Amino acid sequence: MILSNNLQSVVVRRLALVAGLLFLLSACNSLGPTLVTSPGPAAGSAPTAAAAPVPIRLVAPIALYRDVVSGTVVSGRVEAEVQPSTPVRYSLGKPPSRGRVELPDPARDGWTYTPEPGYIGYDHFEITSQAGSENRTTRVVVMQGPPPAQRILVVDANTGSDVNLGTEAAPFATLKAAHDVSLPGDTVLVRNGRYEQTGIEGVVHISRSGLPGAFITYKPWPGHKPVLSAATAWNVLLVTASYIRIEGFEVVGAADRIPIAASEAVYERFAKGPEHYTWGFETSAVNGNGIGVRPANQNAPLPDRIVPRHVHIVGNLVHNVAGGGIYTDMADHIVIESNRVHDTAWRSIFANSGISLFHSFDTDNETKQYKNIIRNNVAWRNRSEIKWYQPKKLSDGNGIIVDDLRNTQIKGMAYRGRTLVVGNVSYDNGGAGIQVFSSDNVDVLYNTVAHNSLAPTLNYGELYVHNASRVRVMNNIAVSSATSHINGTGKGNPRMVDVVYDYNVYFGPVAPVIVGANDRIADPRFIDFAARNLGLTSASPAIDSAGGPLRDIDLAKDVQGRPRPVGGKRDRGAYEYARE
C-alpha cells in the first residue's frame, strides 16, 4: 500500500461466451432442399421447448488516451468486442469541450477528433458502444501538447537565479523554475548542490508533460551528483505528468531524524477514524515518499482523473524517506530501472514499500507487450515499523511489490496490461523480497532475493504471490532467513489461477511451499553472503541453467551492467557469472 486518496483503475473483464443449443425445425418444401436436421416430435408428444437466447457479452475499454502536438486531428477506434457475433452501433455521448468529434458511420468503429485551433491541454469525450440491450461507455482523453523544443535548461543551486534564462551561462536556481518553462523534448540538467523542498509536494511537482518521442528529461549535469531532499513534504519529487524521465539523482528524506513516537502519535490519531485525520506537515513529515507518480486531480471523481503514463524512473539512489521509496498509484506504461532504494518505509502509517506499483490503470488496449517494467533495481532494508492505520496491524515494507492491480481495494476494474519484474536484487527487507498481491499478468524473472520478511509478525517470505492469476515466477534465486518462507501463496486463496513457480534456485532452513519440476534446492554459492555480495561463484548451480518459456526475455544486461548471457545460456538470478 501507499498513500493515496483511493485512485481507481477501471477495466472491464473479458467474459466467456455462453453457448446455447439451437434447434432448427423446418418442413419439407418441394421448392427447395430440406433444412430439417432432426425429426419433429412424434404425434401426440409434447412440443419441443424453445431454446434460450444466447446472452450478448459486450466488452469495451473504459478509457483511451491519445497524446499529440497541438492542432493535430486525431482518429481512432474503440475496439469493442462482442460475443456472439452481433452488430455493434456507436454514438457520441458527452461531447468534447475544446473541439469536435465526428462518427462517420454509427455501424462502424471509428471516430475523428478535431481540436479547437491553438488549444493546448486535455480534452475528452465519450463514445457509447451498443450491442443488443447492452451498452458500454469509453472515455477518450486527448492531450494536445506544445510542439517539441529540444532545449537544454540548466539548474545550479550555488550560482543560479530563477530570474535567469536557464542557460549554461545563466542557470536557474531551482528545478521548479526549469519545470515551469519546460516543453516536450527538453532536458533539464542539474548541477551539484542540495535542492530542498519548495512546498508540500517536495523539491518539484512535475505537472508539464512531454509527448511521444519527446520526453521531458530531468538528470544531473554530466559528472555531477545533485541531492534532492525533503523533510516535511509528501514526496521529495512528485510526477503527475506523462512522457517524463527522472534519471540519476540522489533522493533523500529525513526518516533517520524522525522519533518513532512522532509516527506513533499520527497512527493513534488516524486509527480513531476519519474525523481525526489531519493532512498538514505534522502528518506528511512522518509519511513522506521519495519519487511518486499519481494523477494530479486525485480528489476528482475516478472517471475524471488524468492518469500519468510513460514515466521512466532510472538510475536514482533513494533512501531514508519515511514512506515509500519509489511508487506509482493509478498510472500506466511505467519503467522503474537500475535504481538503488534502501532504508525507506520505516515511519509511515500507510504500509509502504521500497518499490511499489499500485492500482495500475489501462489507458489503451495493449495486452500483449509489457506495459510496466521493474528491472535491475536493488532494494534493501526497507521496512515498516509503524502499524498500517486501517487494519491496525503491521504490513508490507517489501523490497518490491506489485500491489492490487485488480483494484479491489478501490472497487475498480482489473488492469489488463502485462507487468515484468526482472533482474532485481532484494534483501534484508521487513516484508517480502518480491510480492505480487491481488494482481494478474505478472512475470517475475531472473531476480535474486535473500533474507527478507524480517519484521515481526510478517512472513511473506522471499517470493510471495497471493490472490493472483497468470503469474510466472521463473529463473530466480531465493534464500530464506531462519524462519521465513522461501515462496508462498498465502492462506485461503480461491482466486489463484495459473500461477507457476519453476526453474528457480531455493536455499535455506525453511523448505519452499511450492517446488516446480525444474526448481533446484541447492546452495546458490554467493560470493560473500555475509557481506551481501550476491554475485555467483564458479560452483553455483545457477550458472547456465536458466530455462522455461520465458528464458529469452529481453534482458541484455544483468544488475551490474554485464552482458547477458555470458556463456551458452543465461544464469538464474539477477547476476550473470563473470568468467575469467
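The values are calculated or read from the model by the stated rules, or taken from the named source; none is laboratory data. Remember, predicted model here, so these are calculated numbers, not experimental data. Cβ sites come from the backbone with ideal geometry, for glycine too, and all protein chains shown count toward neighbours.
Exactly one condition in (1) modelled with pLDDT under 95; (2) of a type outside the set (A, V, I, L, M); (3) over 29 Å from the mean Cα position of the chain (by Cα); (4) surrounded by 17 or more Cβ atoms within 10 Å (Cβ to Cβ) is false for Arg136; which is it? Here Arg136 clears every test but (3).
Assess whether Val266 counts as being surrounded by 16 or more Cβ atoms within 10 Å (Cβ to Cβ), in contact with a Pro (Cβ under 8 Å, 6 or more places away or on another chain), among the β-branched types (Val, Ile, Thr) and in the same structural domain as Asp364 (by TED's automatic domain parsing). No. Of the listed requirements (1) touching a strand residue (DSSP E or B) at 6+ places or on another chain (Cβ under 6 Å); (2) touching a residue at least 60 places away in the same chain (Cβ under 8 Å); (3) within 14 Å of Gly433 (Cα to Cα); (4) not charged (D, E, K, R), His342 misses just one: (2).
Glu102 versus (1) crowded, with 16+ Cβ neighbours inside 10 Å; (2) acidic (Asp, Glu); (3) more than 30 Å from Val311 (Cα to Cα): which is the lone unmet condition? It is condition (1) that Glu102 fails.
Look at Arg579 and say whether it is crowded, with 19+ Cβ neighbours inside 10 Å, more than 18 Å from Gly433 (Cα to Cα) and not aromatic (Phe, Trp, Tyr).
Against the criterion (crowded, with 19+ Cβ neighbours inside 10 Å, more than 18 Å from Gly433 (Cα to Cα) and not aromatic (Phe, Trp, Tyr)), Arg579 does not qualify.
Number of residues in segment 131-188 that are assigned to a loop (DSSP other than H, G, I, E, B) and either out of contact with any helix residue (DSSP H, G or I) (no Cβ under 7 Å at 6 or more places or on another chain) or under 21 Å from Val311 (Cβ atoms) (or both): the value is 31. Residue under question is Ile486, and the condition is that it be at pLDDT 90 or above, surrounded by fewer than 17 Cβ atoms within 10 Å (Cβ to Cβ) and either under 22 Å from Val465 (Cα atoms) or out of contact with any His (no Cβ under 8 Å at 6 or more places or on another chain) (or both); does it hold? When the stated conditions are applied, Ile486 does not pass them.
Of the residues making up segment 246-257, none is free of Cβ contacts under 8 Å to residues at least 40 places away in the same chain and in contact with a Phe, Trp or Tyr (Cβ under 9 Å, 6 or more places away or on another chain).
Here is a yes/no grid of residues against (1) modelled with pLDDT of 95 or more; (2) more than 22 Å from Asn459 (Cβ to Cβ); (3) among the aliphatic types (A, V, I, L, M); (4) surrounded by fewer than 24 Cβ atoms within 10 Å (Cβ to Cβ):
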site	(1), (2), (3), (4)
His310	yes, yes, no, yes
Asn320	yes, yes, no, yes
Arg340	yes, yes, no, yes
Lys371	yes, yes, no, no
Glu385	no, no, no, yes
Gln390	no, no, no, yes
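Among residues of segment 383-396 that are assigned by TED's automatic domain parsing to the domain that holds Tyr427 and within 14 Å of Ser356 (Cβ to Cβ), those with a Cβ under 7 angstrom from a residue that is among the β-branched types (Val, Ile, Thr) and in a loop (DSSP other than H, G, I, E, B), sequence gap 6+ or separate chain, pair up as Trp388/Ile349. Filtering Asn518, Asn476 for residues that are within 29 Å of Gly568 (Cα to Cα), polar (S, T, N, Q), in contact (Cβ under 8 Å) with a residue 24 or more places away in the chain and crowded, with 23+ Cβ neighbours inside 10 Å leaves a single hit, Asn476.
Per-residue answers, yes or no, for (1) at negative phi; (2) in a loop (DSSP other than H, G, I, E, B); (3) at pLDDT below 95; (4) surrounded by fewer than 14 Cβ atoms within 10 Å (Cβ to Cβ):
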{"residue": "Glu79", "(1), (2), (3), (4)": "no, yes, yes, no"}
{"residue": "Ser85", "(1), (2), (3), (4)": "yes, yes, yes, yes"}
{"residue": "Tyr90", "(1), (2), (3), (4)": "yes, no, no, no"}
{"residue": "Ser97", "(1), (2), (3), (4)": "yes, yes, no, yes"}
{"residue": "Thr114", "(1), (2), (3), (4)": "yes, no, no, no"}
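Pairing each residue of segment 107-132 that is under 21 Å from Arg57 (Cα atoms) with any residue that is assigned to a strand (DSSP E or B) and of a type in the set (D, E, K, R), provided the two are 6+ apart or on different chains, yields C-beta distances under 7 Å for Ala107/Arg89; Glu126/Arg139; Ser129/Arg136; Gln130/Arg89. Considered as a group, the residues in segment 408-434 that are of a type in the set (A, V, I, L, M, F, W, C) and either on the phi > 0 side of the Ramachandran plot or assigned to a loop (DSSP other than H, G, I, E, B) (or both) include one that is surrounded by the fewest Cβ atoms within 10 Å (Cβ to Cβ), and that residue is Met413.
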